[in-house]
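Here the structure is laid out as structure tokens; the discussion comes afterwards.
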Amino acid sequence: MDETRECSLRSPLSKKSPKKLFRFNELVAVYETWNRNEYDRRGIPTTRLDAELIEQIKQELNDYKAYEMQVHESSRQLTHFIY
């Protein structure tokens, strides 16, 4: 079943905004993951982030984007790095 639904993204300030269409994919993918006792998804409260940890996170993210993330060659120049 290929459903197409109309979605209005109009803001109260704009009088004539184009309507967007979206479709649900027929393929539903379900992946195994860890349960909440095995993997804590809450993260670190932002109040506990110091400058050194923030720089470490930026570097790790930039390294992932530069060396591990699969990006099509023609899109590589669009990859955003955090400085």
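Below, the figures for the structure above:
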| quantity | calculated |
| --- | --- |
| Accessible area of region 31-83 belonging to carbon and sulfur atoms, whole % at 1.4 Å probe | 51 |
| Accessible solvent surface per residue of region 20-83, calculated while the other protein chains remain in place, 1.4 angstrom probe, Å² | 105 |
| When the convex hull of its Cα atoms is projected in every direction, mean area for region 44-83 (nm²) | 3.4 |
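The values are calculated or read from the model by the stated rules, or taken from the named source; none is laboratory data. Since the model is a prediction, treat every value here as computed from it, not as a measurement. Just so you know, the surface numbers come from the protein's heavy atoms only, side chains and all, with ligands and any DNA or RNA stripped out. Shrake-Rupley method; radii C 1.70, N 1.55, O 1.52, S 1.80 Å.
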